[in-house]
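The values are calculated or read from the model by the stated rules, or taken from the named source; none is laboratory data. Computed from a prediction, not measured in an experiment: that's the story for all the values here. A quick note on method: Cβ atoms are made from the backbone with ideal geometry, for glycine too, and the neighbour counts reach across all protein chains shown.
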Ligand code: ADP
């Protein structure tokens, strides 16, 4: 029988490895509906590997990741780290956004409801007027909005973002955080975000997961800010 959880997502004693080398050991944490969880930690601490595991792109070597019965990894809208390949994608904004609908139905062809969903998400992110433009000709901020609209097409009520503001200028970064805050507060979207942006994590997150190849802290943001882990992390950054 499949294990159940009272949370939206629960990680129980999860270990993750590459070729037998453990990169995240015995992680325990959970995500509830409406949370804004920031995953922080140094490079190499296991954040992206955990993201892959949450998306079922990587098998856990021990433990289990349990989803609430009405969700599953397929209902997570994923915004990956920006890559040069993505930036040069030879498709229109509409096609990029619509591709987020793939996998949400059994049909390989976009249905009318997929098209309406894509249109709604482009409007929601203020890119409806550039739907016909080629993705690679857009500014970094517009590209990131298009990719967020794509993730929203795939999302049930969970967005998973890996460094969503990396490489964006400060104005576009602020705008991105405003959009995410609005989705979280006004639409109840659950947000899980890997972030190197310490200030933003402390400002927007309701919960923090701090990794250093194991869980060093998991809990409410305010408790984290009182913790030794936060003190050490802040000192290392001269805060
Ligand atoms: P973070 O996202 O926190 O920077 P990662 O999850 O990318 O950390 O990496 C954790 C560890 O796993 C690092 O030591 C990294 O070198 C290693 N690692 C990541 N991806 C692979 C891979 N595909 N094969 C082998 N080792 C990997």
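A few remarks follow.
- Top-ranked residue in the range 56-77 [being over 17 Å from residue 189 (Cα atoms) and surrounded by 15 or more Cβ atoms within 10 Å (Cβ to Cβ); ranked as farthest from the ligand (Cβ to nearest atom)]: 66
- Single match in 27, 53 (criterion: more than 8 Å from the ligand (Cβ to nearest atom), surrounded by 22 or more Cβ atoms within 10 Å (Cβ to Cβ) and in contact (Cβ under 8 Å) with a residue 60 or more places away in the chain): 27
Conditions tested, residue by residue: (1) within 26 Å of residue 113 (Cα to Cα); (2) outside any helix (DSSP H, G or I); (3) in contact with a helix residue (DSSP H, G or I) (Cβ under 9 Å, 6 or more places away or on another chain).
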{"site": "143", "(1), (2), (3)": "yes, no, yes"}
{"site": "148", "(1), (2), (3)": "yes, no, yes"}
{"site": "161", "(1), (2), (3)": "yes, yes, yes"}
{"site": "175", "(1), (2), (3)": "no, no, yes"}
{"site": "180", "(1), (2), (3)": "yes, no, yes"}
{"site": "193", "(1), (2), (3)": "no, yes, yes"}
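- Residue in the range 1-21 that is nearest to residue 183 (Cα to Cα), counting only those that are within 16 Å of the ligand (Cβ to nearest atom) and in contact with a strand residue (DSSP E or B) (Cβ under 6 Å, 6 or more places away or on another chain): 11
- With respect to the conditions (1) surrounded by fewer than 21 Cβ atoms within 10 Å (Cβ to Cβ); (2) assigned to a helix (DSSP H, G or I); (3) in contact with a helix residue (DSSP H, G or I) (Cβ under 7 Å, 6 or more places away or on another chain), residue 168 falls short on a single one, namely (2).
- If only residues of the range 30-50 that are assigned to a loop (DSSP other than H, G, I, E, B) and in contact with a helix residue (DSSP H, G or I) (Cβ under 8 Å, 6 or more places away or on another chain) are counted, the one that is farthest from the ligand (Cβ to nearest atom) is 34.
- Screening residue 80 against (1) within 15 Å of the ligand (Cβ to nearest atom); (2) out of contact with any strand residue (DSSP E or B) (no Cβ under 8 Å at 6 or more places or on another chain); (3) modelled with pLDDT of 85 or more; (4) under 25 Å from residue 119 (Cα atoms) leaves a single unmet condition, (2).
- Test result for residue 200, closer than 19 Å to residue 27 by Cβ, touching a helix residue (DSSP H, G or I) at 6+ places or on another chain (Cβ under 7 Å) and more than 16 Å from the ligand (Cβ to nearest atom): no
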